[in-house]
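Just so you know, all these numbers are worked out from the coordinates, no wet-lab data involved. Here the structure is a predicted model, which means the values were calculated and not measured. As a convention, Cβ positions derive from the backbone with ideal geometry for all residues, glycine included, and neighbour counts pool all protein chains shown.
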Amino acid sequence: MKSENEPGTDLSLRRFIKSLGYIAGGTAILSMAPWLVSCTQEKLSEIRGGQARIAVIGTGSRGQYHIHNLLQIPHARIVALCDDYAPNLDAASALVPAARRYADYRKLLEEDDIDGVVIATPLNWHARMVLDGLSAGKHVFCEKAMARTMDECKAIYQAYTHSDRVLYFCMQRMYDEKYIKGMQLVHNGLIGDVVGMRCHWFRNADWRRPVPSPELERRINWRLYRESSGGLMTELASHQLEVCNWAVGRMPLSVAGMGDIVYWKDGREVYDSVNVIYRYSDGVKINYESLISNRFNGMEDQILGNSGTMDLTKGLYYLENDNSLSGIQQLLAQIKEKAFEAIPAAGPSWRSETKKEYPPHSIVEGRVYVNPGQSTVGVDKDGSDVILSSFCQACITGEKARDVVEEAYCATLLCLLANQAMEEGRTVIFPEEYRIPYMKF
Ligand SMILES: NC(=O)c1ccc[n+]([C@@H]2O[C@H](COP(=O)([O-])OP(=O)(O)OC[C@H]3O[C@@H](n4cnc5c(N)ncnc54)[C@H](O)[C@@H]3O)[C@@H](O)[C@H]2O)c1
């Protein structure tokens, strides 16, 4: 019998498959997460001891994070590294000394001994590199968001639909066990009808990185400038909006919002505070908020149903009419109710509607990893390792990922439309020319 740590056995994928299996029972899970079709023991065995030859383009923070994960994937071998900023290329080379080094990604794409490329460059480079990668015949894994502009997203989508290559975008929540299981409960009706969604991401950090000399400012701090970044929407909200689309299986029709630079007035061009509302055709709304000068509220992806709430980030759910209150909690609740009744109320009710304490229920057993929003090598269990491993598997089998490109396209378009709505100060209707057959409104 094969031992678990024998070469060719991907522990992260195998554990992932095992953990999904006990709740899902195969087909049920595939109807709400079709991209998991390749995540079965049978599909994993198609690797047959093979190794995908991988190149990493963009070896900064996220690129190095992926390198650490790739080094743990037995069916992957890093053969080349590319970065046009020498200190970051050097840092990556120190992790993989045997890999060849490139400053120009186009030279790397000419090489025949590379099956797949992992792209972790700033957003404004994604489209060019993905398109060049596909036309060079490489399988491509690119970081989110899909691209800097809607036209670039469309070009990628069209190139992909005409390509036989595999393409992934790193929307890791799609491969995160607590999201998958939570979503299955939503789809099975546990929280009733989805009547709203509420996502936010609060941090207290400026996003600014130290720059060794002034001419490197826009390169190193690319996140802060509009030519290279869609700000909070593409950097943070893209993950969360994908979750909303996944929950309801359709797209909002319109978006309105306000964006400002409230606190970090340091020459940046992207908002440090955004409040956005998306509206579906039936009036259901996504309320999205992000602020990076106060972290009190943390990060949450909440699906609100008329019978309960799915708090996916924490791996918890709450029911509106919960009978599982402990005896003492029930007693306290009764006393509280009586106390309110006893107070003579004249005129309009004054009773404040503060947040009720619902007993939490766990979506998954055991300890839930809550991503603080940073890429923490070796600590994250947010699906990033699994989606990457799945890509490497696909580099060997040639199996395209179901719906991953489509989900990334939908989420990125929603981010870019929100930026447009905030910049123009108006409600933006989802434009006809960017609709794809996958979208339901
Ligand atoms: N999925 C996630 O949770 C997650 C988390 C963090 C970052 N990201 C994404 O990863 C990407 C990279 O982010 P980061 O924080 O690592 O940025 P970074 O600035 O740390 O790294 C980007 C690297 O790309 C290099 N680069 C830029 N232009 C290049 C070119 N033309 N050729 C070769 N190399 C080039 C830079 O020199 C740098 O080393 C972004 O798209 C970001 O949104 C995703």
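Descriptive notes on the structure:
- Share, in percent, of DSSP beta bridges within the range 202-336 that are antiparallel, nearest 5: 95
- One quarter of the surface of the convex hull around the alpha-carbon atoms of the chain equals 24.7 nm², the direction-averaged projected area.
- From most to least packed by mean Cβ count within 10 Å, the peptides 40-46, 276-282, 115-121 give 115-121, 276-282, 40-46.
- When +1 charges are put on Lys and Arg Cβ atoms and -1 charges on Asp and Glu Cβ atoms, the dipole computed for the chain relative to its Cα centre reaches about 440 debye.
- Computed with the Debye formula from one identical point scatterer per Cα of the range 70-229, without solvent, the log10 of I(q)/I(0) at q = 0.11, 0.12, 0.20 Å⁻¹ comes to -0.61, -0.72, -1.39.
- Farthest toward positive dipole pole in the range 109-247 [+1 Lys/Arg, -1 Asp/Glu at C-beta], among ILE180, ASN221, GLY196: GLY196
- Amide H within-cut-off set for VAL117, under 5 Å, with H built and near neighbours excluded: ALA55, HIS139, VAL140, PHE141
- Peptides ranked, highest mean first, by Cβ atoms within 10 Å: ranges 256-268, 305-317: 305-317, 256-268
- Gained length - ARG14 relative to ARG402, 0.36 nm times residue gap less alpha-carbon distance: 137.7 nm
- Given charges at beta-carbon only (K, R positive; D, E negative), |dipole| of the range 83-194 in Debye: 280
- For SER273, the residues 5 or more places off, or on other chains, whose built amide H falls under 5 Å of its own are ASP260, VAL262.
- Projecting the Cα atoms of PRO74, MET146, VAL117 onto the charge dipole of the chain (Cβ charges, centred on the Cα centre) puts PRO74 farthest toward the positive pole.
- Selection from PRO431, THR412, PHE441 lying farthest towards where the dipole of the range 390-441 points positive, charges on Cβ: PHE441
- Residue-averaged 222 nm ellipticity for the chain, from DSSP H runs of 4+ at -39500 (n - 2.57), nearest 500: -10500 deg cm²/dmol
- Cut-off 18 Å (backbone N to label point 7 Å along Cα→Cβ of ALA205), residues of the range 132-159: 144-145
- Antiparallel %, DSSP beta bridges [both residues in the chain], to 5: 55
- Estimated FRET transfer efficiency when R0 is 35 angstrom, pair ASP84-VAL195 (beta carbons, to 0.05): 0.10
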